[in-house]
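Chemist: Please find one structure pasted underneath; my questions will follow.
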Amino acid sequence: MNPMYDEQNVAGARKYVQEVYETVVNRNPHEREFHQAVKEIFDSLVPILAKVPEYRQLGILERISEPERLITFRVPWVDDSGKVQVNRGFRVQFNSALGPYKGGLRFHPSVNASIIKFLGFEQIFKNSLTGQSIGGGKGGSDFDPKGKSDGEIMRFAQSFMTELYKYVGPDLDVPAGDIGVGAREIGFMFGQYKRIRGGYEAGVFTGKGIGYGGSLARKEATGYGTVYFVDEMLQSKGLSFDGAKVVVSGSGNVAIYAIQKATQFGGKVVACSDSDGFVYDEHGIRFETVQRLKEVERKRISEYVKEHPHAIYVEGCEKIWSIPCDIALPCATQNEIDEKAAKLLVANGVKAVGEGANMPSTLEAIDVFHNAGVLFAPAKAANAGGVAVSALEMSQNSMRFSWRFHEVDDKLREIMKNIYKDSIQAAEEFGYPNNLVVGSNIAGFRKVADAMIAHGII
Ligand code: NDP
């Protein structure tokens, strides 16, 4: 009998998953987001744990859910009025089985150990899916860049890096951007790292400016990659972006380039948002306006309606999911689609959901989508394009050579196609056809677990 279908093995795998999950919850009390991420992944690994008992015997889940290292540190800096401010910095070095730790830095007041650990845990499997040699990490601070002057951002970034530099390096741990960390912040942090290290180690950061070691198409990669992935998913069912009504939440790095690519693919993006509210433009959101307002002028999305008076601005970003659409691309933050929002999307006829942000749908929302037969592209597969191009940036830095935009973009598209193929095949192989949550988790897990076994109990 195929051991996969042995009921005893399945029951044993379920029990193992539950026991380790309880240990994680007890060991990390009150870390709601971290528990949620672990639960989502663990539950979907039951079929492979049933098939490969070695993973249980060698304590893979116990080890993979405990970070190799969690660093927290004080970040003191002086604001423009001369007042001393203190923030908290984090870096989780979660798993290095496949390569140096890799994952972004988030600057947002909500940042705490739970958020950083959920992001770092997800990153392990996402990075594995890209097929590149990168481990999983994440970091950040509860610093709020919003409304700060360039001088304040620089002083904060320099103080942050003065501590973090001890723990990162091109072959050790390679940070990048995330919420609140874009080219400006990375420039300041890279500058401080260079100054302290006394050498030009371009590969220590990704998402750098093009003029000093950055990769073309890195800025666009997460948003484009999400649309490439969703396009693969749609095509498998004979659907496409062409003529579809699309809602994109957020108006940051991921959202901006998801809007651009979805529009290029023939979709009509009718809404986008920031944390204060959303804009609805029945003629289609103008990518150029959003890009300039957010990237250059650093203004709020409400300004959009001043330039496009036919558009409507609505206070409260969560209401964006009440807009009827064919394709929803949540590109803002975690848990922005709860069960209620998911039900509303389904009632309004949504056909596909692609997660550009990390964990934007709650577990209950994912169940709603699956039960309604909505095509669902989970974050760790759909938004892996950013880190994939980060790995390409590392390769270019090592080679001291730069690819052209279309060369990176072509590689990105190929990577997203492969992630889709690997995920859908794993879903099929383990008896969950079309379930990309199960498929991507198993496909990402398998490579990491096998490398961990090869390295011994460490
Ligand atoms: P940005 O800081 O560029 O943009 C974030 C956007 O989301 C802004 O519009 C912001 O609005 C909104 N937002 C942030 N927090 C909240 C909140 N609590 N409630 C409502 N809206 C919120 O970040 P990115 O675009 O880089 O990241 C967006 C998501 O994508 C995150 O989940 C991130 O982890 C994920 N991601 C990013 C990658 C990248 O390459 N950048 C790679 C893979 C995943 P406001 O300006 O008002 O704060």
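Chemist: May I ask you to verify whether Gly207 is in a helix (DSSP H, G or I), among the small types (Gly, Ala, Ser) and either farther than 17 Å from Arg400 by Cβ or open to solvent by less than 10 Å² (accessible area, probe 1.4 Å) (or both)?
Modeler: no
Chemist: Restricting to the range 52-71, name every residue that is among the polar types (S, T, N, Q) and under 16 Å from His455 (Cα atoms).
Modeler: Gln57
Chemist: Within the range 366-414, take every residue that is β-branched (Val, Ile, Thr) and outside any loop (DSSP other than H, G, I, E, B) and give me the one that is nearest to the ligand (Cβ to nearest atom).
Modeler: This residue is Val387.
Chemist: Provide a single number: the residues in the range 87-114 that are free of Cβ contacts under 8 Å to residues at least 60 places away in the same chain, hydrophobic (A, V, I, L, M, F, W, C) and outside any strand (DSSP E or B).
Modeler: Of the residues in the range 87-114, 1 are free of Cβ contacts under 8 Å to residues at least 60 places away in the same chain, hydrophobic (A, V, I, L, M, F, W, C) and outside any strand (DSSP E or B).
Chemist: For the subset of the range 329-349 comprising residues that are more than 16 Å from the ligand (Cβ to nearest atom) and buried (at least 23 other Cβ atoms within 10 Å of the Cβ), which member is nearest to Ala37 (Cα to Cα)?
Modeler: Across the range 329-349, the extreme among qualifying residues is Ala342.
Chemist: Which residue is modelled with the lowest pLDDT, if the candidates are limited to the range 164-184 and must be within 11 Å of the ligand (Cβ to nearest atom) and of a type in the set (A, V, I, L, M, F, W, C)?
Modeler: Ala183
Chemist: Test Ala341 against the stated conditions and say whether it is part of a helix (DSSP H, G or I) and of a type in the set (A, V, I, L, M, F, W, C).
Modeler: In short, yes.
Chemist: Among the residues of the range 261-309, write down those that are out of contact with any Cys (no Cβ under 7 Å at 6 or more places or on another chain), buried (at least 23 other Cβ atoms within 10 Å of the Cβ) and hydrophobic (A, V, I, L, M, F, W, C).
Modeler: Ala262, Val269, Ala271, Cys272
Chemist: Checking Met161 against (1) within 16 Å of the ligand (Cβ to nearest atom); (2) in contact with a Phe, Trp or Tyr (Cβ under 8 Å, 6 or more places away or on another chain); (3) open to solvent by less than 10 Å² (accessible area, probe 1.4 Å); (4) not β-branched (Val, Ile, Thr): exactly one of these is not met. Which one?
Modeler: Among (1) within 16 Å of the ligand (Cβ to nearest atom); (2) in contact with a Phe, Trp or Tyr (Cβ under 8 Å, 6 or more places away or on another chain); (3) open to solvent by less than 10 Å² (accessible area, probe 1.4 Å); (4) not β-branched (Val, Ile, Thr), the lone unmet condition for Met161 is (1).
Chemist: If you go through the range 352-365 one residue at a time, do you hit one that is outside any helix (DSSP H, G or I), out of contact with any Phe, Trp or Tyr (no Cβ under 7 Å at 6 or more places or on another chain) and farther than 24 Å from Ala221 by Cβ?
Modeler: Scanning the range 352-365, I find at least one residue that is outside any helix (DSSP H, G or I), out of contact with any Phe, Trp or Tyr (no Cβ under 7 Å at 6 or more places or on another chain) and farther than 24 Å from Ala221 by Cβ, so the answer is yes.
Chemist: Could you check, for the range 210-221, whether at least one of its residues is part of a loop (DSSP other than H, G, I, E, B), within 15 Å of the ligand (Cβ to nearest atom) and in contact with a strand residue (DSSP E or B) (Cβ under 9 Å, 6 or more places away or on another chain)?
Modeler: No, because not a single residue in the range 210-221 is part of a loop (DSSP other than H, G, I, E, B), within 15 Å of the ligand (Cβ to nearest atom) and in contact with a strand residue (DSSP E or B) (Cβ under 9 Å, 6 or more places away or on another chain).
Chemist: Going by the structure shown, is Ser361 within 12 Å of the ligand (Cβ to nearest atom), more than 18 Å from Lys39 (Cα to Cα) and buried (at least 20 other Cβ atoms within 10 Å of the Cβ)?
Modeler: In short, no.
Chemist: Sticking with this one: If you go through the range 237-260 one residue at a time, how many are open to solvent by 60 Å² or more (accessible area, probe 1.4 Å) and outside any strand (DSSP E or B)?
Modeler: Selection size over the range 237-260: 6.
Chemist: When the range 14-40 is examined, which residues are found to be basic (Lys, Arg), touching a helix residue (DSSP H, G or I) at 6+ places or on another chain (Cβ under 7 Å) and either open to solvent by less than 70 Å² (accessible area, probe 1.4 Å) or under 20 Å from Ile442 (Cβ atoms) (or both)?
Modeler: Arg14, Lys39
Chemist: Okay, next question. Condition first: of a type in the set (A, V, I, L, M, F, W, C) and assigned to a loop (DSSP other than H, G, I, E, B). Now tell me which residues in the range 415-458 satisfy that.
Modeler: Phe430, Ile457, Ile458 - these are the residues of the range 415-458 that are of a type in the set (A, V, I, L, M, F, W, C) and assigned to a loop (DSSP other than H, G, I, E, B).
Chemist: I would also like to ask the following. Within the set of pairs 6+ apart or on separate chains, which have a first residue in the range 276-299 that is within 16 Å of Cys317 (Cβ to Cβ), a second that is among the acidic types (Asp, Glu) and in a loop (DSSP other than H, G, I, E, B), and C-beta atoms under 9 Å apart?
Modeler: Correct list of pairs: Lys294/Asp274.
Chemist: Name the single residue, out of those in the range 279-310 being within 17 Å of Gly267 (Cβ to Cβ) and of a type in the set (A, V, I, L, M, F, W, C), that is nearest to the ligand (Cβ to nearest atom).
Modeler: The residue in question is Val290.
Chemist: Same structure again: Just wondering, is there one or more residues in the range 71-86 that are without any contact (Cβ under 8 Å) to a residue 24 or more places away in the chain and within 13 Å of the ligand (Cβ to nearest atom)?
Modeler: no
Chemist: Can you name the number of the only condition in (1) over 17 Å from Val353 (Cα atoms); (2) more than 10 Å from the ligand (Cβ to nearest atom); (3) not hydroxyl-bearing (Ser, Thr, Tyr) that Asn253 fails?
Modeler: Against the list (1) over 17 Å from Val353 (Cα atoms); (2) more than 10 Å from the ligand (Cβ to nearest atom); (3) not hydroxyl-bearing (Ser, Thr, Tyr), Asn253 comes up short only on (2).
Chemist: Is it the case that Ile153 is part of a helix (DSSP H, G or I), near the ligand (Cβ under 10 Å from one of its atoms), over 26 Å from Ser395 (Cα atoms) and of a type in the set (A, V, I, L, M)?
Modeler: Taking the combined requirement at face value, the residue does not satisfy it.
The values are calculated or read from the model by the stated rules, or taken from the named source; none is laboratory data. As the structure is a prediction and not an experimental result, all values here were calculated from the model. So basically every Cβ, Gly included, is an ideal-geometry build from the backbone, and we count neighbours across all protein chains shown. Quick note on the areas: whole protein, heavy atoms, side chains included, nothing else; ligands and nucleic acids left out. Shrake-Rupley method; radii C 1.70, N 1.55, O 1.52, S 1.80 Å.
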